[in-house]
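Here's the structure, in structure tokens; my notes come after.
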Amino acid sequence: MPHPPRIFTLTTLLLIISPVANFAQEATKPTAWQASPELVANKSKRKSEFNYRETLVPDYDLPATLVAGDGSAIRSTEQWETTRRPELMQLFREEVYGLRPATQPRVRYETLERQTVFDGKATGLQVKALIEHQGKEHAFEFTVFIPNQDNPAPLLVHINNRYLISLQSAIQKEDPFWPARMIVKRGYATASFHTSDVDPDQADGYEKGVRCLLDDPDSDLSTRWRSLSAWGWGASRVLDFAAELKSIDPTRAAVIGHSRGGKAALWAAAEDPRFTLAYSNNSGCGGAALSRRRFGETVGRITSVFPHWFTDRFANYAGREDQLPIDQHQLISLIAPRSVYVASADQDLWADPRGEYLALIGAADVFELYGETSISQTTMPPLGEPRHIGATGYHIRGGKHNLTELDWKHFLDFAATRF
Ligand code: GTR
């Protein structure tokens with residue numbers, strides 16, 4: 001008897017080939033980022049006193065964010081705002097970044113230059129902030145670009161840890177570290193100042209800068225604010241100026257920084273809730289990276305090389321990071337439910353990309369408390385693939401410790417979803 005003819009319907013055909021297709025797709029799907037083994041070996045050899053191996057990260061428990069100091073559970077945003085957040089702010093002030101002085105100095109702003117720029121598309125300003133206190137004065141300059149458009153623009157304040165990009169230099173040549181023309185093109189106003197102009201970036205620089213001007217000599221020296229906090233304070237003074245301009249919408253303000261500027265940016269947003277978005281780029285130890293991982297730069301190393309960045313107390317946790325009453329995921333929690341973006345670089349193991357990512361997801365519980373979505377997957381995204389979920393964003397870029405145009409591009413894409 002002849003066999004009945006075999007009829008392959010389209011569905012059977014798809015059922016047969018789809019596992020093969022899925023397998024092929026899985027095989028080509030980029031995988032979660034991992035440090036290159038050659039780079040790890042190389043760095044471990046060159047800086048043998050620091051750890052670059054994931055297998056050597058000590059076991060640790062992160063301090064719970066939603067449990068108050070007295071052991072009670074934090075279940076509402078009200079409890080968070082009235083009890084736990086102030087508690088954590090105080091711990092970060094006393095143990096890490098220092099207490100800002102209560103003094104409210106008089107700040108005047110002088111517009112030194114004003115020019116229509118970028119083919120008539122923007123207005124550029126060079127501004128000097130003059131801070132006066134008890135008959136003494138400290139000044140710092142900043143550069144501003146505002147798009148010439150009908151609606152008030154959101155503002156991105158850039159804490160530049162390298163140099164001041166003056167109005168004229170920004171007009172003449174686009175600097176990838178602060179690509180003003182590109183930022184303005186996307187509809188943002190932006191301002192940039194140099195950290196050292198606000199407070200010197202030197203261990204013995206205390207005699208100059210805003211800390212020297214504003215500190216109460218009778219206050220406790222060991223918990224006074226340090227440079228990172230002073231630079232963040234500078235960002236807030238730039239926002240004060242911009243908030244008065246009709247062309248800027250101060251309810252949409254971001255603070256941005258790279259490396260030490262990134263550490264300062266996160267703390268600036270914790271201290272000043274007017275910043276509704278913070279972007280930290282390759283900020284590492286004392287910034288986005290978890291201290292307890294002791295991966296790359298450690299508390300011991302950073303507090304001995306840069307003693308002026310942190311309170312004396314932070315240095316006491318060198319080698320005993322597990323005794324810290326806080327860790328850096330809680331710095332991000334302090335900004336929640338406002339938006340936070342963390343960026344790492346593939347070759348910048350010193351800043352601990354995985355520790356930066358884990359701190360971001362370690363703050364997910366506070367975003368959740370507010371009903372906000374945020375990144376919570378424990379696996380990192382693949383190299384070069386930004387992950388933007390709700391109030392948080394992350395990417396790891398190929399290359400070295402730097403703030404590049406590509407970082408800005410990813411960040412601006414994220415900012416567009418938040419503003
Ligand atoms: C590094 C330092 C980092 C980072 C960086 C920078 O040498 O160890 O913590 O802040 O400098 O700001 O460029």
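Since every read-out is calculated from the coordinates, none of them should be taken as a lab result. Here the structure is a predicted model, which is why all the values come from computation and not from measurement. All Cβ positions, glycine included, derive from the backbone under ideal geometry; neighbour counts span all protein chains shown.
Would you check which residues across segment 204-222 are crowded, with 18+ Cβ neighbours inside 10 Å and either in contact with a Gly (Cβ under 8 Å, 6 or more places away or on another chain) or of a type in the set (F, W, Y) (or both) and list them?
Hit for segment 204-222 is V210, nothing else.
Looking at S344, is it closer than 22 Å to G390 by Cβ, touching a Ser or Thr at 6+ places or on another chain (Cβ under 8 Å), in contact (Cβ under 8 Å) with a residue 12 or more places away in the chain and of a type outside the set (K, R)? Talk me through it step by step, then tell me what you get.
On the way: closer than 22 Å to G390 by Cβ: yes; touching a Ser or Thr at 6+ places or on another chain (Cβ under 8 Å): no; in contact (Cβ under 8 Å) with a residue 12 or more places away in the chain: yes; of a type outside the set (K, R): yes.
Spelling it out, it is not the case that S344 is closer than 22 Å to G390 by Cβ, touching a Ser or Thr at 6+ places or on another chain (Cβ under 8 Å), in contact (Cβ under 8 Å) with a residue 12 or more places away in the chain and of a type outside the set (K, R).
How many of the residues in segment 244-299 are farther than 21 Å from L91 by Cβ and among the hydroxyl-bearing types (S, T, Y)?
Qualifying residue count for the region: 5.
Can you tell which of S229, S291, S259 is within 13 Å of the ligand (Cβ to nearest atom), touching a residue at least 60 places away in the same chain (Cβ under 8 Å) and either under 20 Å from the mean Cα position of the chain (by Cα) or closer than 30 Å to D346 by Cβ (or both)?
Every option except S259 fails the conditions.
Out of all the residues in segment 349-388, which are crowded, with 17+ Cβ neighbours inside 10 Å, part of a helix (DSSP H, G or I) and more than 16 Å from the ligand (Cβ to nearest atom)?
Within segment 349-388, R354, Y357, L358, L360, I361, G362, A364, D365, V366, F367, L369 meet the criteria.
Can you tell me which residue among V305, V299 is within 14 Å of the ligand (Cβ to nearest atom) and without any contact (Cβ under 8 Å) to a residue 12 or more places away in the chain?
One residue alone meets the criteria, V305.
Please count how many residues of segment 300-335 are crowded, with 20+ Cβ neighbours inside 10 Å, closer than 19 Å to E356 by Cα and in contact with a strand residue (DSSP E or B) (Cβ under 8 Å, 6 or more places away or on another chain).
Residues that pass the stated criteria total 4.
Among (1) under 18 Å from R114 (Cα atoms); (2) of a type outside the set (D, E, K, R); (3) within 16 Å of the ligand (Cβ to nearest atom), where does S247 come up short?
The failed condition is (3).
Quickly run through segment 190-238 and pick out the residues that are under 30 Å from D175 (Cα atoms), among the small types (G, A, S) and part of a helix (DSSP H, G or I).
Answer for segment 190-238, where residues must be under 30 Å from D175 (Cα atoms), among the small types (G, A, S) and part of a helix (DSSP H, G or I): S196, G205, G209, S227, S229, A230, G232, G234, A235, S236.
Quick one: would you say L112 is within 25 Å of L266 (Cβ to Cβ) and in contact (Cβ under 8 Å) with a residue 24 or more places away in the chain?
no
What number of residues in segment 44-87 are over 16 Å from L334 (Cβ atoms) and of a type in the set (G, A, S)? Working first, answer last.
Applying the first criterion (over 16 Å from L334 (Cβ atoms)) to segment 44-87 yields 44-61, 70-73, 75-76, 78.
So of that shortlist, the ones also of a type in the set (G, A, S) come out as 44, 48, 71-73, 76.
Selection size over segment 44-87: 6.
Check off (1) in a helix (DSSP H, G or I); (2) over 15 Å from N161 (Cβ atoms) for G187 and give me the number that stays unchecked.
All conditions are met except number (1).
In this structure, is R274 away from the ligand (no atom under 12 Å from the Cβ), basic (K, R), surrounded by fewer than 24 Cβ atoms within 10 Å (Cβ to Cβ) and more than 19 Å from F145 (Cα to Cα)?
Yes: the conditions hold for R274.
Among I146, I131, I159, which is touching a residue at least 40 places away in the same chain (Cβ under 8 Å) and farther than 15 Å from A230 by Cα?
I146 is the lone residue from the list that is touching a residue at least 40 places away in the same chain (Cβ under 8 Å) and farther than 15 Å from A230 by Cα.
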